[in-house]
Amino acid sequence: MHLLYIRMTRKEIYLGLGWLAVLLLSGFLFPAGSGAVSAFLFQGAHFLAAMVIFHRFLRSSLEVPLTPFSRILKSALLGLILAQLANLLTNDLLYYFFPKYFGYGETGPYFVNISKELTKALLEEQFFLTAVGITLFVPIAEELFHRGLVFGNLVQKNTVLAYTVSVLLYAFLPIIPLLGHYSPDYIVISFIQYLPIGILFSWIYTRTETILTPILAHILMNGVSIFTMR
């Protein structure tokens, strides 16, 4: 069992779980495909909710010098590199089992991820708003909820349970708007592609014992993703 030093208050936990319930419901009510401004407003609302709910937890993470910044940066870069490698390996395995959903380019098999396609469209429509939302609002909010709230609290009781619940929830939320609009195989592939990132970001969280590490790794990952889409 791994005990993280900085913990959330009961108020943060209850409010955080309440907001996650709202996100789950909104995913079912509003299918993917909204415009850039609508997406930015939604991401901004999610970010503001995270800042309001977890302000004490985040402030404590910034104030307590538990881990040197050099270690945080190295671990974030390690998480970024491992996430990219895990994505390539996952793509190869999925191509073996679901070849009809993949193309094959110069770098190997590739899957047309609908989330990435939607992001490309949003970048073309409103580059600045989309870039801010994807590289700032989304990483901070998602890490506070998935790693800070879900994983961080469950890991105090059971490490395996913490990884399982947090990773599955992290992979499930983005595909909710796709349900009913794409084939089950496509949904499964999209779901599986999020799993390695959830595992790795949780791991670097425990490695440095600060939520700042997965937040930084997520910011870097999304920044690289946007750069490659241009």
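Only one of (1) modelled with pLDDT of 95 or more; (2) more than 20 Å from Ser38 (Cβ to Cβ); (3) in contact with a Gly (Cβ under 7 Å, 6 or more places away or on another chain) is not met by Arg147, so which one is it?
Checking Arg147 against (1) modelled with pLDDT of 95 or more; (2) more than 20 Å from Ser38 (Cβ to Cβ); (3) in contact with a Gly (Cβ under 7 Å, 6 or more places away or on another chain), the one that fails is (3).
Being more than 26 Å from Gln193 (Cα to Cα), of a type in the set (Gly, Ala, Ser) and touching a residue at least 40 places away in the same chain (Cβ under 8 Å) is the requirement here; does Ala49 meet it? Show your work before the answer.
Details: more than 26 Å from Gln193 (Cα to Cα): yes; of a type in the set (Gly, Ala, Ser): yes; touching a residue at least 40 places away in the same chain (Cβ under 8 Å): yes.
Criteria met by Ala49.
When both residues are 6+ apart or on different chains and their Cβ atoms are under 6 Å apart, which pairs have a first residue that lies in the range 75-91 and is closer than 14 Å to Gly198 by Cα, and a second that is open to solvent by 70 Å² or more (accessible area, probe 1.4 Å) and acidic (Asp, Glu)?
Listed by first residue and then by second, the contacts come to nothing, as the list is empty.
Regarding Phe191, is this residue under 11 Å from Tyr170 (Cβ atoms), of a type outside the set (Gly, Ala, Ser) and without any contact (Cβ under 8 Å) to a residue 60 or more places away in the chain?
Judged against the criteria, Phe191 is a match.
Between a first residue in the range 157-169 that is among the small types (Gly, Ala, Ser) and a second residue that is exposed (fewer than 15 other Cβ atoms within 10 Å of the Cβ) and not in a helix (DSSP H, G or I), which pairs have beta carbons less than 9 Å apart while being 6 or more apart in sequence or on different chains?
These pairs meet every condition: Ala162/His2; Ala162/Gln156.
Within the range 45-82, track down each residue that is open to solvent by less than 20 Å² (accessible area, probe 1.4 Å) and not in a helix (DSSP H, G or I).
Result: Phe54, single match.
Considering the range 153-181 alone, what residues qualify as being in a loop (DSSP other than H, G, I, E, B) and surrounded by 15 or more Cβ atoms within 10 Å (Cβ to Cβ)?
Val155
Would you check which residues across the range 196-215 are open to solvent by 40 Å² or more (accessible area, probe 1.4 Å) and either of a type in the set (A, V, I, L, M) or assigned to a helix (DSSP H, G or I) (or both) and list them?
Matches in the range 196-215: Ile199, Trp203, Arg207, Leu212.
With among the β-branched types (Val, Ile, Thr), open to solvent by less than 40 Å² (accessible area, probe 1.4 Å) and part of a helix (DSSP H, G or I) as the only criterion, which of Val188, Val150 stands out? Talk me through it step by step, then tell me what you get.
Values: Val188 fails: open to solvent by less than 40 Å² (accessible area, probe 1.4 Å).
Just one listed residue meets the conditions, Val150.
What number of residues within the range 112-147 satisfy the criterion of being in contact with a helix residue (DSSP H, G or I) (Cβ under 9 Å, 6 or more places away or on another chain), of a type outside the set (A, V, I, L, M, F, W, C) and either buried (at least 19 other Cβ atoms within 10 Å of the Cβ) or without any contact (Cβ under 8 Å) to a residue 12 or more places away in the chain (or both)?
Number of matching residues: 10.
The values are calculated or read from the model by the stated rules, or taken from the named source; none is laboratory data. None of these values were measured; they are calculated from a predicted model. Note that each Cβ is placed from the backbone with ideal geometry, even for glycine, and that neighbours are counted across all protein chains shown. Each accessible area value is taken on the protein alone, full model and side chains, heavy atoms only, with ligands, DNA and RNA left out. Shrake-Rupley method; radii C 1.70, N 1.55, O 1.52, S 1.80 Å.
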